[in-house]
Amino acid sequence: MFPITSRYYNIKTAQHETPDGKQIVYLRRRFIPPPERFALLFEHVVTEGERLDNITFKYMGDPEQFWRICDANAVLRPEELTETTGRSIRITMPAGIPATPNA
């Protein structure tokens, strides 16, 4: 249903039946993995005017993967990561994949 690069890949669907018998299909809730499941690769310090999509492209090559950085930093609002100049953002491997030291 969703591409492998989507945050919704592998999220199961469920159905709800309305009182009039209509079936509504929806995605089940997605839980953000705990931060300790992410192996740190880099820390990026936010500079004035930076945008998360540009940061994501710099490290991951795909600005649409911003959600991976959000997950690794335990934030729900993406703009929270770049609101404060000087904030350190964790750039990590995907959840559950170990990093190779000194690679």
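The values are calculated or read from the model by the stated rules, or taken from the named source; none is laboratory data. Given the structure is predicted, the values throughout are model-derived calculations rather than measurements. We place every Cβ from the backbone using ideal geometry, glycine too, and count neighbours over all the protein chains shown. Calculation scope for accessible area: heavy atoms of the full protein, side chains included, ligands and nucleic acids excluded. Shrake-Rupley method; radii C 1.70, N 1.55, O 1.52, S 1.80 Å.
Worth a mention:
- Search result, residues across the stretch 77-89 that are in contact (Cβ under 8 Å) with a residue 12 or more places away in the chain and within 13 Å of residue 52 (Cβ to Cβ): 78, 79, 81, 82, 84, 87, 89
- Listed by position, the strands (runs of 3 or more DSSP E) enclosed by the stretch 1-72 that each have at least 1 residues that are closer than 20 Å to residue 87 by Cβ are 40-45.
- Per-region count, the stretch 5-33, residues of a type outside the set (A, V, I, L, M) and touching a residue at least 40 places away in the same chain (Cβ under 8 Å): 3
- Filtering the stretch 69-98 to residues that are open to solvent by less than 60 Å² (accessible area, probe 1.4 Å), touching a strand residue (DSSP E or B) at 6+ places or on another chain (Cβ under 8 Å) and closer than 19 Å to residue 31 by Cβ leaves 69, 72, 73, 92, 93.
- Consider the stretch 29-58 and keep the residues that are closer than 23 Å to residue 2 by Cα and modelled with pLDDT of 95 or more. The one that is least open to solvent (accessible area, probe 1.4 Å) is 56.
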